[in-house]
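The values are calculated or read from the model by the stated rules, or taken from the named source; none is laboratory data. Keep in mind it's a predicted model, so treat the numbers as computed, not measured. Backbone-built Cβ (ideal geometry, glycine too); neighbour counts: all protein chains shown. Note: areas computed on protein heavy atoms with side chains; ligands, DNA, RNA excluded. Shrake-Rupley method; radii C 1.70, N 1.55, O 1.52, S 1.80 Å.
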Amino acid sequence: MTSRRDLPITAILMLGVGGIVLTALASIYLLGLLVAIRNTTDLTTLRAERSLDGLTRAIRLHVAPAEAHARHAAGLVAGLDGDPGPDAIDRLHTTMALIPHLRHAGFLGVDGTYLRYGRSGRYELSTWTGDEGVARLFATMAPDADALWLDPAYLSSIRRTVIPVVVPVSRNGRLVGVTAAGVTLRELSRFVYDLAPEASGTAFILRGTSQVIAHPNLLGIPIENHIGPDRPLPDLAVLDDPILQAFADSESRAPWVIGAGQRANARFITSERGEDHILLWEELADYDSVPWMVGFHAPAGALEGANVWTRLIGAATVGLVLVALALAALFLLGRYIRRPVRELARLSLQVRDLDFSSAPTARASLVREFNEASDAFARMLEGLTLFATFVPRALVLRLMRSGTGVELSEQRVVTVMFTDIAGFTGMSERLSAGEVAGVLNRHFALLNHGIEHEGGTVDKYIGDSMMAFWGAPEDQDDHAARGCRAVRAIADAVRADNLERRERGDEALRLRIGVHSGPVIAGTIGAPGRVNYTLVGDTVNVANRIEQLGKDIAPEDDVVVLASGETIAAAGLDAPEVGAFDIRGRAGRITVFRLA
C-alpha cells in the first residue's frame, strides 16, 4: 500500500538514521546508564514472558486434540444402539488420522467392555473387569459430566504411560461408558524438545518437583525401564539435568516473580561449573490432580541480552568521529539500495497475485545479501510454481479476497459432489502407466472446467475419483443450483469425449456422479505445517454413498448423475425420481433423483 506521505529510502536514511544518530550523541552521556539498565531489565522480562507464554500455549494446543477426539468418539458411540461396530471404528480411525501425535484411544463400557484402537487401523476388544481404577471412575462419574483429565496412567498392554482424558457416554440419561484418549510421555518429550524457547534452553514438564512428564533427555533413555504400574512417571533423578536437580534439592524455592502481577516465576541457579542459569516456570492445574510445573531453563545470558549501556556508549563515541562521513554514505547507500528493493517489491506484487509465469527474476546487484535474496526469490518461484500444481489456486485467491484466515473452521450449508469412473481398475491394467496418467489428466481437466465455471472448489483427487463442493469458503446462496449446472455440463462433456474415444477405437469411460446438500464443518484440517481446506460431516459421506448407487441404477450408461432430494429442492429443479434408498451409516431412507 502506498501513500502520499511515503518517503524514499534515501530520505529515510538521511532524516531518520542521521537524525537519530545526532540526537543520540547529544543525549547519550546524560541518559546512557539509565537507558541501559532499564532496557536490560525490560528485555529480560519480555523474553522470559514471551518464551514461557509460548511454551504453555503450545503445550495446551498439543494436548487439546486428545480431548477433542475423546469428545468426538463419545458423540459417535452415544449415537449407536450398542457397542461400536466396524463402521464406527473406521470412522474413529479416520478422525485419529488427523491427529498425528495421538497413538492410542479406546472405549470402556460400564458392562466391562474394553475396546482399544490405534493409528494402525487395528483394534482390540477385551475387558477391564478387575481394574479398580476404572471401577472407581465409573462410580464417581455422572452421565452428563464434562471431559475429565486423569492422573498419568501406565498401560501394561503397550508398556507406555499416557496422560489420559475421558468423556462420559450416556444414552437416555444413563452412563454406558467412557471414551478415552491420551498422549504418551515420549511424544510430549519429543514435542518439548522442539519447543526449546532459546537456542541453549531446555523445556520441561514436571509433576510437582520430583516426577517427570516431559523432558528432552527422556528421548535418550529407555523410559520403560523406569516406569511401571506402581510408578507411572520416571523420577527426576533419571535425568541428566543438574539445573532441575539443583532446583528440586534446594531448601528454599521462593520464586522471583517476573513483572508485577504476572504468573511467571523464575529462579537463578548456579551450576557446578559456576555458570548462572535462569529457570522459569508456571503451574498448570488443568490436566492432573497434582499441578504441572511447565517451564524451561537457559543460561542467564540467553535471556538477559547484550550490555545495552556499553553498546550505546561505544556507538556514541564512534559516532562523534564518523557522523559526517556517515551522513554522506547514507545518501549514496540509500540511492543504491532503492533500485533492488523496488525491483523485489514489484516482483513480490506479482507473486502475491499468484502470477508465477510472468514474474521475471530480479537483476544482479553488487550487494551479496540482495543477490542471495534474488536467488532465494528465484527458488521460491520454482517452488511456488510446482506448489501451484498441487494446491487449488482458485481456492487460495478466494480465501485472499474474502479475508478468510487459515485457522477458520465454521459450519456451512454446502453442496458436495463425488465422481468415480466405473471399471477403471480393470482398464488401467490394460494400459501403461503413462497412458493411465494421460487418461486421468484429460478426464479431470474436463471435470475441473465444469466445476470452476460454476465457482466450485476441487477438494481432492482419490485415484480416479474426485470430490468438489460449492458454498465455501465464499457464501453462495445458490450453491445447489451451481452444483447441478456443473454436473450436467460435466455429463455433456464426458459423453462428447466418449464419442471421440470410440471413434479412435479407445474404450469409453463410464462416470458416476453423486450430489448432496447439507451442513458441514468447513475449514482447515491437518497437522501444524500441513493443512487442507476441506469439509467434514455427514453430508460428505452421503454424497459419496449416492455416487456409489449409480453402479446399480445405471451400470451400463456412459454417465449417471444422481442427486438427493435436498439438493433438488434447494436448486428448485424438476428431475425424475429414482427411488428411496437406505444409506449405510445414516438412519432413514433418502430420496434420490437422476439429473443426467
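Once label points are set 7 Å from the Cα along Cα→Cβ at both Ala285 and Arg430, what is their separation, rounded to one decimal in nm?
Here the answer is 7.3 nm between the modelled labels.
Residues with amide H under 5 Å of Val169's amide H, sequence separation 5 or more or different chain, H placed in the peptide plane at 1.01 Å from N; which?
HN-HN under 5 Å from Val169: Val176, Gly177, Val178, Thr179.
Suppose every Lys and Arg Cβ carries +1 and every Asp and Glu Cβ carries -1, with no other charges. What dipole size does segment 409-456 come out with about its Cα centre, to the nearest 20 debye?
Values: 3 positive and 6 negative charges, 17 e Å.
Value, rounded to 20: 80 debye.
Apply the a/c threshold of 1.5 to the C-alpha gyration tensor of segment 496-596 and tell me whether it is rounded, prolate or oblate. Can you show the working numbers first?
Values: a/c = 2.23, a/b = 1.28, b/c = 1.74.
Because a/c hits 1.5 or more and a/b fails to exceed b/c, segment 496-596 counts as oblate.
Name the shape class, rounded, prolate or oblate, that the alpha-carbon gyration tensor gives for segment 142-255, where a ≥ b ≥ c are the square roots of its eigenvalues, rounded holds for a/c under 1.5, and otherwise prolate holds if a/b is larger than b/c and oblate otherwise.
On the way: a/c = 2.25, a/b = 2.00, b/c = 1.12.
Here segment 142-255 falls in the prolate category.
How do 439-449, 154-164, 541-551 rank on mean C-beta neighbours within 10 Å, highest first? Could you put the intermediate results ahead of the total?
Working: 439-449: 16.1, 154-164: 17.9, 541-551: 21.6.
Result, highest mean first: 541-551, 154-164, 439-449.
State the answer as a single residue: which of Ile158, Pro143, Ser170 lies farthest towards the positive end of the charge dipole of segment 110-186, with beta carbon charges of +1 for Lys and Arg and -1 for Asp and Glu, about the Cα centre.
Ile158
Taking the Cα centre as origin and putting +1 on Lys and Arg beta-carbons and -1 on Asp and Glu beta-carbons, what dipole magnitude results for segment 484-543, to the nearest 20 debye? Don't skip to the end; give the middle numbers.
Values: 9 positive and 7 negative charges, 10 e Å.
The dipole magnitude comes to about 40 debye.
Per q in 0.14, 0.19, 0.21, 0.25 Å⁻¹, report the Debye log10 I(q)/I(0) for segment 418-480, using one uniform scatterer on each alpha carbon and no solvent.
Rounded to two decimals, the profile gives -0.47, -0.74, -0.84, -1.06.
Using the Cα centre of segment 53-144 as origin and beta-carbon charges of +1 (Lys, Arg) and -1 (Asp, Glu), tell me which of Leu80, Leu55, Gly106 is placed farthest towards the positive end of the dipole.
So the residue we want is Leu55.
Quick check: from the Cα gyration tensor, does segment 456-508 come out rounded (a/c under 1.5), prolate or oblate?
On the way: a/c = 5.21, a/b = 2.02, b/c = 2.58.
It is oblate, given that a/c is not under 1.5 and a/b is not larger than b/c.
What dipole magnitude, in Debye to the nearest 20, does segment 491-596 give about its Cα centre under +1 on Lys/Arg Cβ and -1 on Asp/Glu Cβ?
Details: 13 positive and 16 negative charges, 90 e Å.
Rounded to the nearest 20 debye, it is 440 debye.
At a 1.4 Å probe radius, carbon and sulfur cover how many percent of the accessible area of segment 101-141? Write down the numbers at each step before the final one.
On the way: 1200 of 2380 Å².
That share works out to 50 percent.
Mind checking the full-extension length gain between Ser465 and Arg501? Use 0.36 nm per residue of separation minus the Cα-Cα distance, one decimal, nm. The partial results should precede the final answer.
Numbers: separation 36, 0.36 × 36 = 12.96 nm, distance 1.98 nm.
Gain in length upon complete extension: 11.0 nm.
If I compute solvent accessible area with a 1.4 Å probe over the protein chains, what percent of it on segment 190-251 is carbon and sulfur? Mind dumping the intermediate values first?
Values: 1310 of 2880 Å².
Heavy-atom surface of segment 190-251 belonging to carbon and sulfur, 1.4 Å probe: 46 percent.
Explain nothing, just compute: Karplus ³J(HN,Hα) = 6.51 cos²θ - 1.76 cosθ + 1.60, θ = phi - 60°, for every residue of segment 532-544 in order, whole Hz, x for Gly and Pro.
10, 7, 8, 10, 9, x, 5, 4, 5, 5, 5, 4, 5
Within the accessible area of segment 450-596, what % is carbon and sulfur when the probe is 1.4 Å and the other protein chains stay in place? Intermediate results must be reported in sequence, preceding the final value.
Numbers: 3130 of 6640 Å².
Here carbon and sulfur together make up 47 percent of the probe-accessible area.
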